[in-house]
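What follows is a single structure, written as structure tokens, with notes after it.
The values are calculated or read from the model by the stated rules, or taken from the named source; none is laboratory data. On a predicted model such as this, the values are computed, not experimentally measured, just so you know. Heads up, the Cβs are rebuilt from the backbone with ideal geometry, glycines too, and the neighbour counts pull from every protein chain shown.
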Amino acid sequence: MKKIAIIILLTTSLKILSQTTVFEDDFETNQNSTFTTSGQIGTSSWYVNRSGDDWGARIYGGKLELTNDATSNNNNNGWVFSYVNTNNFGGSFNTILNQNSQRINYIFNLRQSRTDPAGFGATNSYGVAFIIGADVDNNLRTTGKGYAIVLGQSGSPDPIRFVKFSNGLQSASNLIVATVSGLDDVGNKYLSLALSYEPSENKWTFYGRNDGQSSFGNPADGNLTSLGSVVDNEHTGVSLNYLGAYWQGSVAANQTAYFDNVKVVLGNIQLPVELKNFNFKIAKKDIILTWETAVEVNNYGFEIERKYNGIDDRDVYEWKTIGFIKGNGNSNTPRSYFYIDKNLSLGYYYYRLKQIDNDGKYNYSEVLKAKIDVKPEKLDLANYPNPFNPNTKIYFELPEDGITVLKIYDILGNEVRTLVNEFKNAGTYEINFDGNNLSAGVYFNVLRAGDKTIVKKMQLIK
């Protein structure tokens with residue numbers, strides 16, 4: 001049986017926050033290798049409704065499996081919904097979600113076999129959903145209201161989404177759409193997912209992880225990425241009596257959806273660091289990064305990574321770690337952070353945060369793009385790398401418009417190459433210098449702009 005660890009949060013005193021598992025199924029008890037096409041699946045808590053002669057569900061091989069190939073009948077357009085009745089949940093769970101006194105956490109695995117499922121708009125389109133709560137147990141494509149995590153839509157990309165619906169899944173409207181890499185275009189990957197609902201605020205927060213091509217990870221291990229939050233109460237005052245797995249599609253053979261490790265927990269559980277409001281401000285030649293966390297669990301800290309794409313915004317450079325900000329470990333109160341990247345050259349900068357847990361696991365934030373376009377205050381010249389073999393980039397800054405000359409000389413004063421000899425506007429520039437045909441040794445960059453000259457030494461090694 002897969003368990004969720006109770007976490008300890010530090011406030012003014014040390015205490016264990018309450019937590020109640022009201023429903024749990026890891027599907028380790030096989031019911032039958034035969035698919036159920038109507039009614040109860042074996043002796044489990046799960047039931048089946050369907051439309052289409054060959055649709056069904058089974059609990060087998062450690063998973064809940066939904067298929068369009070349940071029998072020897074011809075495949076038909078249709079759907080299957082395997083569900084549990086939420087009135088049977090334990091503890092103090094209330095099917096009217098906003099009547100619960102504690103946070104509700106929905107945790108599960110999901111995968112479907114299509115590389116690009118088309119969604120829920122047409123009867124022959126493939127789409128998969130985990131129904132968080134619905135007021136009906138039948139024909140969820142066109143009837144019923146509630147909330148769901150869905151995969152499948154027309155066009156591309158195809159992100160995992162949190163939606164609400166008022167006339168079945170065909171009418172679903174997005175509440176949270178994943179933009180994190182690996183979850184913004186899922187295809188047939190294995191996913192670990194979690195959704196929390198805070199009744200006092202009507203706030204939903206969505207978490208996820210792409211587990212890859214081969215198997216499910218543990219969705220309750222706390223190592224998921226926050227995909228966003230939203231406030232919505234459209235259906236939280238309605239009795240949502242059914243939770244379950246939904247799969248619809250057409251006649252292609254053996255099209256299957258899989259679910260595992262379904263758990264519903266009341267209270268505070270181990271969820272990842274919830275990062276929000278990652279922004280930047282520009283102050284002359286400095287970029288000030290700011291971010292906040294709503295919740296922190298096991299948070300060691302944040303590495304700040306930067307990629308400089310030059311003044312032409314060419315995506316040919318690598319990410320580099322430029323700093324580290326220590327986290328607050330465990331916290332259930334908002335925390336604020338900042339980092340200042342100082343004295344930058346002109347051009348385009350990209351930033352991301354690498355949030356690291358105490359056990360070494362990590363997640364990346366979204367990427368921010370910023371541009372420094374303040375005119376330089378003085379004539380400047382540099383190259384990187386230095387020493388180099390055989391290529392280096394020469395950077396120079398011009399505080400004023402004018403004729404600009406950049407030449408390379410050897411140690412004896414002989415001119416080796418002219419790199420620039422033309423009118424240039426004030427700004428920052430970079431030029432690639434190839435020393436492949438030169439001998440190893442010391443060379444000099446000489447930059448002339450107006451009545452000013454600057455000289456810098458560089459070394460070619462071979």
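If I filter segment 304-320 for residues that are of a type in the set (S, T, N, Q) and exposed (fewer than 15 other Cβ atoms within 10 Å of the Cβ), do I get at least one hit?
Among the residues of segment 304-320, not one is of a type in the set (S, T, N, Q) and exposed (fewer than 15 other Cβ atoms within 10 Å of the Cβ), which makes the answer no.
Quick test of your reading of the structure: His235 fulfils all but one of (1) modelled with pLDDT of 95 or more; (2) closer than 22 Å to Tyr364 by Cβ; (3) not acidic (Asp, Glu). Name the failing condition by number.
Going through the list (1) modelled with pLDDT of 95 or more; (2) closer than 22 Å to Tyr364 by Cβ; (3) not acidic (Asp, Glu), His235 breaks only (2).
Please go through segment 44-53 and pick out each residue that is farther than 17 Å from Ala252 by Cβ and either touching a Cys at 6+ places or on another chain (Cβ under 8 Å) or not in a strand (DSSP E or B) (or both).
Passing the criteria: Ser44, Ser45, Trp46.
With the requirement that a residue be within 23 Å of Ala426 (Cα to Cα) and touching a residue at least 24 places away in the same chain (Cβ under 8 Å), what does segment 351-390 give you?
Result: Ala370, Lys371, Ile372, Asp373, Val374, Lys375, Pro376, Leu379, Asp380, Leu381, Ala382, Asn383.
Please go through segment 404-462 and pick out each residue that is in a loop (DSSP other than H, G, I, E, B) and among the polar types (S, T, N, Q).
Asn414, Asn425, Asn436, Asn437, Ser439, listed by residue number.
When both residues are 6+ apart or on different chains and their Cβ atoms are under 6 Å apart, which pairs have a first residue that lies in segment 182-196 and is at positive phi, and a second that is modelled with pLDDT under 95 and surrounded by 19 or more Cβ atoms within 10 Å (Cβ to Cβ)?
Gly182/Asn210
Could you grab me the full set of residues in segment 154-196 that are under 23 Å from Gly267 (Cα atoms) and of a type in the set (Gly, Ala, Ser)?
Ser192, Ala194, Ser196
Could you say whether any residue in segment 239-261 is in the same structural domain as Asp185 (by TED's automatic domain parsing), touching an Asp or Glu at 6+ places or on another chain (Cβ under 7 Å) and farther than 30 Å from Val48 by Cβ?
no
Counting only residues that are buried (at least 16 other Cβ atoms within 10 Å of the Cβ) and among the hydrophobic types (A, V, I, L, M, F, W, C), how many does segment 214-261 have?
Qualifying residue count for the region: 11.
When the residues of segment 175-213 are narrowed to those that are part of a loop (DSSP other than H, G, I, E, B) and among the hydrophobic types (A, V, I, L, M, F, W, C), which ends up surrounded by the fewest Cβ atoms within 10 Å (Cβ to Cβ)?
Initial filter on segment 175-213 (part of a loop (DSSP other than H, G, I, E, B)): 178-189, 199-202, 213.
Still in the running and among the hydrophobic types (A, V, I, L, M, F, W, C): 178, 180, 183, 186.
Values: Ala178: 24, Val180: 19, Leu183: 24, Val186: 26.
The extreme case among them is Val180.
Within segment 240-276, can you find the residues that are in a loop (DSSP other than H, G, I, E, B), aliphatic (A, V, I, L, M) and at pLDDT 85 or above?
Residues satisfying the conditions are Leu240, Val251, Ala252.
Would you tally the residues in segment 367-383 being touching a strand residue (DSSP E or B) at 6+ places or on another chain (Cβ under 6 Å) and not hydrophobic (A, V, I, L, M, F, W, C)?
Number of matching residues: 5.
Looking at segment 202-214, is at least one residue farther than 28 Å from Gly78 by Cβ, touching a residue at least 24 places away in the same chain (Cβ under 8 Å) and more than 20 Å from the chain's Cα centre (by Cα)?
Looking through segment 202-214, at least one residue is farther than 28 Å from Gly78 by Cβ, touching a residue at least 24 places away in the same chain (Cβ under 8 Å) and more than 20 Å from the chain's Cα centre (by Cα).
Modelled with pLDDT of 95 or more and not aromatic (Phe, Trp, Tyr): does that describe Gly39? Let's see the steps before the verdict.
On the way: modelled with pLDDT of 95 or more: yes; not aromatic (Phe, Trp, Tyr): yes.
Yes: the conditions hold for Gly39.
Taking strands (runs of 3 or more DSSP E) that do not extend beyond segment 54-155, which have at least 1 residues that are surrounded by fewer than 17 Cβ atoms within 10 Å (Cβ to Cβ), assigned by TED's automatic domain parsing to the domain that holds Thr43 and out of contact with any Leu (no Cβ under 6 Å at 6 or more places or on another chain)?
78-85
Could you figure out which of (1) loosely packed, with under 13 Cβ neighbours inside 10 Å; (2) closer than 30 Å to Thr179 by Cα isn't true of Phe423?
Going through (1) loosely packed, with under 13 Cβ neighbours inside 10 Å; (2) closer than 30 Å to Thr179 by Cα one by one, Phe423 breaks only (2).
For Tyr348, are the conditions met, namely being under 30 Å from Thr290 (Cβ atoms) and crowded, with 18+ Cβ neighbours inside 10 Å?
It is true that Tyr348 is under 30 Å from Thr290 (Cβ atoms) and crowded, with 18+ Cβ neighbours inside 10 Å.
Does segment 165-176 contain any residue that is more than 26 Å from Asn85 (Cα to Cα), small (Gly, Ala, Ser) and at pLDDT below 95? Break it down stepwise before answering.
Of the residues in segment 165-176, the ones more than 26 Å from Asn85 (Cα to Cα) are none.
Among the residues of segment 165-176, not one is more than 26 Å from Asn85 (Cα to Cα), small (Gly, Ala, Ser) and at pLDDT below 95, which makes the answer no.
If a residue must be out of contact with any Pro (no Cβ under 7 Å at 6 or more places or on another chain), assigned to a strand (DSSP E or B) and within 21 Å of Ser439 (Cβ to Cβ), how many such residues does segment 376-403 contain?
First, the residues of segment 376-403 that are out of contact with any Pro (no Cβ under 7 Å at 6 or more places or on another chain): 380-391, 393-396, 400-403.
Within this subset, residues satisfying the condition of being assigned to a strand (DSSP E or B) are 380-384, 388, 391, 393-396, 402-403.
Pick out the ones that are also within 21 Å of Ser439 (Cβ to Cβ) and you get 383, 388, 391, 393-394.
Residues meeting the conditions: 5.
List the number of the failed condition for Gly323; all other conditions in (1) small (Gly, Ala, Ser); (2) surrounded by 17 or more Cβ atoms within 10 Å (Cβ to Cβ); (3) at pLDDT 95 or above hold.
(2)
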